[in-house]
Amino acid sequence: MKDVQNEFDSRNIQIDRVGVKGVNYPISVMTREGDLQNTVAKISMSVMLPAEFRGTHMSRFIETLEEYHGKISPENLELISRRLCQKLNASESYIKFEFPYYFRKKAPASKIESYSKCNIILEAFYNSEKFDMITGIKLNVQTLCPCSREISDYGAHNQRAVVNLKIRCKKLVWFEELINIIEISSSAPLYTLLKREDEKFITEHAYNNPKFVEDVIRDLAINLNDDPRILWYKANVMSYESIHDHDAFAEIERFKN
């Protein structure tokens, strides 16, 4: 059959990225405990298309996923990235996985366990010179306003906040480690299952640990700076304000040597 994608294109324009996105695909991800967690990822995959080719072969992106049976690790991401270049005769490739990740968490007072969820993003870039991977995590936390606490006779406004964090690292940093770094940088963590004694504990803990978004992101930066495995990070904290008709945010990006 005629291969239309491989036809010569005379317009002489290179396309930076061409591929597929919004692919929902079951994957298995290694946990810190050594188990495999099954989840479903939304996947984008693309390659650089040289000026002389009319199109790329879209089916080969999915074929490459099938070759690795949905098992995802830092090592596999590099192999998948290389394989994309090989199968599509490309010099550069890009992959993005977005998926929910579940972890067990004990309530602070009752010690009852339940599942909590975060969202993970893995991005991989490959060309003939280097492989680059970014690990991202999106996690909900609690913030309590220091100003509100200071000026009020009783109480203080608090709300849910979301932290978006991306890192580059030279050694493996587990998702659970990033979760811990984010939570200790906030006023208080969030939980799925709580008893009354847990609600009391968290409410009082947050009240004694008030933080603006500026405080959260600075504490987050300090904790990230203290980890020698992390080479670069970009963080955004968004506080969904409970008494204002707008939100507050802070953002920071740092290269560490």
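Scan segment 130-164 residue by residue and report those that are open to solvent by 70 Å² or more (accessible area, probe 1.4 Å) and closer than 13 Å to Ala206 by Cα.
Correct list: Arg149, Arg160.
Where residues in segment 165-221 are of a type in the set (Asp, Glu) and either at pLDDT below 95 or over 18 Å from Tyr240 (Cβ atoms) (or both), which of them is least open to solvent (accessible area, probe 1.4 Å)?
Asp198
Can you tell me which residues in segment 93-113 are open to solvent by less than 40 Å² (accessible area, probe 1.4 Å) and either touching a strand residue (DSSP E or B) at 6+ places or on another chain (Cβ under 7 Å) or at pLDDT below 95 (or both)? Write out each step before concluding.
The first filter runs over segment 93-113 and keeps only residues open to solvent by less than 40 Å² (accessible area, probe 1.4 Å), leaving 93-95, 97, 99-101, 103, 105, 107-108, 110.
Matches in segment 93-113: Ser93, Tyr94, Ile95, Phe97, Phe99, Pro100, Tyr101, Phe103, Lys105.
Report whether or not Ser81 is open to solvent by less than 20 Å² (accessible area, probe 1.4 Å), in a strand (DSSP E or B) and either closer than 13 Å to Phe125 by Cα or free of Cβ contacts under 8 Å to residues at least 24 places away in the same chain (or both).
no
Within the group Ala235, Ala206, which residue is within 29 Å of Arg168 (Cβ to Cβ) and small (Gly, Ala, Ser)? Break it down into steps so the answer makes sense when it comes.
On the way: Ala206 fails: within 29 Å of Arg168 (Cβ to Cβ).
Checking each option against the conditions leaves just Ala235.
Picking from Arg17, Arg104, which residue would you name as being part of a strand (DSSP E or B), under 30 Å from Arg196 (Cβ atoms) and basic (Lys, Arg)?
After ruling out the rest, the residue left standing is Arg104.
For segment 227-249, enumerate the residues that are more than 17 Å from Val163 (Cβ to Cβ) and either of a type in the set (A, V, I, L, M, F, W, C) or open to solvent by 80 Å² or more (accessible area, probe 1.4 Å) (or both).
Of everything in segment 227-249, those that are more than 17 Å from Val163 (Cβ to Cβ) and either of a type in the set (A, V, I, L, M, F, W, C) or open to solvent by 80 Å² or more (accessible area, probe 1.4 Å) (or both) turn out to be Pro228, Leu231, Ile243, His244, Asp245, His246.
Suppose we filter Asp245, Asp227, Asp215 for residues that are more than 29 Å from Thr31 (Cβ to Cβ) and part of a loop (DSSP other than H, G, I, E, B); which single one remains?
Details: Asp227 fails: more than 29 Å from Thr31 (Cβ to Cβ); Asp215 fails: part of a loop (DSSP other than H, G, I, E, B).
Only one candidate qualifies: Asp245.
In the set Ser28, Ser116, which member is closer than 27 Å to Ile179 by Cα, touching a Lys or Arg at 6+ places or on another chain (Cβ under 6 Å) and buried (at least 17 other Cβ atoms within 10 Å of the Cβ)?
Among Ser28, Ser116, only Ser116 is closer than 27 Å to Ile179 by Cα, touching a Lys or Arg at 6+ places or on another chain (Cβ under 6 Å) and buried (at least 17 other Cβ atoms within 10 Å of the Cβ).
Being open to solvent by less than 20 Å² (accessible area, probe 1.4 Å) and farther than 18 Å from Val29 by Cα is the filter; apply it to segment 56-78 and report the residue that is nearest to the chain's Cα centre (by Cα). Don't jump to the end; show me each part of the working.
Narrowing segment 56-78 to residues open to solvent by less than 20 Å² (accessible area, probe 1.4 Å): 56, 61, 64-65, 70, 72, 77.
If we keep only those that are farther than 18 Å from Val29 by Cα too, we end up with 56, 61.
Values: Thr56: 28, Phe61: 22 Å.
The residue in question is Phe61.
The values are calculated or read from the model by the stated rules, or taken from the named source; none is laboratory data. If you're wondering where the values come from, they're calculated on a predicted model, not measured in any experiment. When we count neighbours, we look across all protein chains shown, and the Cβ atoms used for this are built from the backbone with ideal geometry, even at glycine. Just so you know, the surface numbers come from the protein's heavy atoms only, side chains and all, with ligands and any DNA or RNA stripped out. Shrake-Rupley method; radii C 1.70, N 1.55, O 1.52, S 1.80 Å.
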